[in-house]
Amino acid sequence: MISLVPSVTQSIVDLGLGNTLVGVTEFCLSSSALNQQVIKIGSPKKLNIEQVFSLHPDFVFGNPEENSQKDIEELQELGIPVVLQFPKTIEQALSDLWEIARLLKSQPAAARVDMLERSWEWFRASRVSEPKRRVFCPIWQSIDELAQPWWMVFNGDTYPGDVIRQFGGENIFETRQRLYPLEADLGLKKAEDPGLRDVRYPRVTLDEIVEGQPEIILLPSEPFAYSSGHISLFLKLFVDTPAGKSHRIRLVDGRLLTWHGTFLAHTLAELPEIFNIE
């Protein structure tokens, strides 16, 4: 079996199936956590197709968001069974774990999925009904041609969007769609038809964020590597928001928001405290 997705690789290992892996990407777990014979077969976006083929995998687990369509199609044309998983909710991510356990016919893996699912159900049942906290969570940032800053965010049609929603947050860009080109996304130009392009990751301006009045600002460690040095900058930029005024700007392990699969156990353990702003 080959995994082309770091979070899926983590899940396979956590389910006790690490010894079934013959190939993973360069961004997956270190070799010390995997079978000694595992082969690194390129990056998620640029696979070594010949190497994948030479390993004769029973299954290749991929994700249409993290892997290139060209690579996936080439693997399928070679007759390699590709299992595409693309969860946009926690419930869908749990279903994907059940699929892994079923495909590998592993009762111990199924038992671990069942335990995680029970933990998730317990968490949902035990939550006290409280007002949702308005959240701003950037995943990238840059500047436009006029040197004006912009931030990339995610809307509600994404896995991190569902995580924010389920853990007591209200994403201030829940319904915002990405516009093309960049100038249109930033309100500087008329938008064109996006066609089949992904509209779930809009790029937003300082004014849009301030208008959203976030109560909490989360700075994830990936894909953009936010660190403690960014907190003072955000405090200055967003001083006119509830989050800025109350200093509720928090660093967070990006995997808690974006890694679907067994990493949910860590999310359940750590994220509730991050959303607790009392």
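The values are calculated or read from the model by the stated rules, or taken from the named source; none is laboratory data. Here the structure is a predicted model, which means the values were calculated and not measured. Every residue, glycine as well, gets a Cβ built from its backbone with ideal geometry; the counts of neighbours run over all protein chains shown. All accessible areas refer to the heavy atoms of the entire protein, side chains included, with ligands and DNA or RNA removed. Shrake-Rupley method; radii C 1.70, N 1.55, O 1.52, S 1.80 Å.
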Legend entry - Residues that are open to solvent by 10 Å² or more (accessible area, probe 1.4 Å), in a helix (DSSP H, G or I) and in contact with a helix residue (DSSP H, G or I) (Cβ under 8 Å, 6 or more places away or on another chain), drawn from the range 161-176: Gln166
Legend entry - Filter result (open to solvent by 50 Å² or more (accessible area, probe 1.4 Å) and within 17 Å of Leu235 (Cα to Cα)) within the range 124-148: Arg134
Inset, instruction - State whether the residues of the range 18-33 include one that is surrounded by 22 or more Cβ atoms within 10 Å (Cβ to Cβ), under 17 Å from the mean Cα position of the chain (by Cα) and closer than 27 Å to Arg165 by Cα. - result: no
Inset, instruction - Filter the range 228-243 down to residues that are open to solvent by less than 50 Å² (accessible area, probe 1.4 Å) and touching a residue at least 24 places away in the same chain (Cβ under 8 Å), then give me how many there are. - result: 4
Inset, instruction - Could you name every one of the strands (runs of 3 or more DSSP E) located completely within the range 177-260 that has at least 2 residues being among the aliphatic types (A, V, I, L, M) and modelled with pLDDT of 95 or more? - result: 216-220, 249-252
Inset, instruction - Scan the range 184-223 for residues that are among the hydrophobic types (A, V, I, L, M, F, W, C), within 19 Å of Gly169 (Cβ to Cβ) and either open to solvent by 10 Å² or more (accessible area, probe 1.4 Å) or touching a Lys or Arg at 6+ places or on another chain (Cβ under 8 Å) (or both) and jot them down. - result: Val204, Val210, Ile216, Ile217, Leu218, Leu219
Inset, instruction - Kindly indicate whether Lys105 is basic (Lys, Arg), loosely packed, with under 15 Cβ neighbours inside 10 Å, farther than 30 Å from His247 by Cα and in contact with a helix residue (DSSP H, G or I) (Cβ under 8 Å, 6 or more places away or on another chain). - result: no
Inset, instruction - Check whether at least one residue in the range 74-89 is open to solvent by 30 Å² or more (accessible area, probe 1.4 Å), without any contact (Cβ under 8 Å) to a residue 60 or more places away in the chain and under 30 Å from Gly244 (Cα atoms), and report yes or no. - result: no
Legend entry - Filter pass, Ala265 being of a type outside the set (Lys, Arg), part of a helix (DSSP H, G or I) and over 22 Å from the mean Cα position of the chain (by Cα): no
Legend entry - Restricting the range 113-141 to residues that are outside any helix (DSSP H, G or I) and within 20 Å of the chain's Cα centre (by Cα), the residue that is nearest to Asp207 (Cα to Cα): Phe136
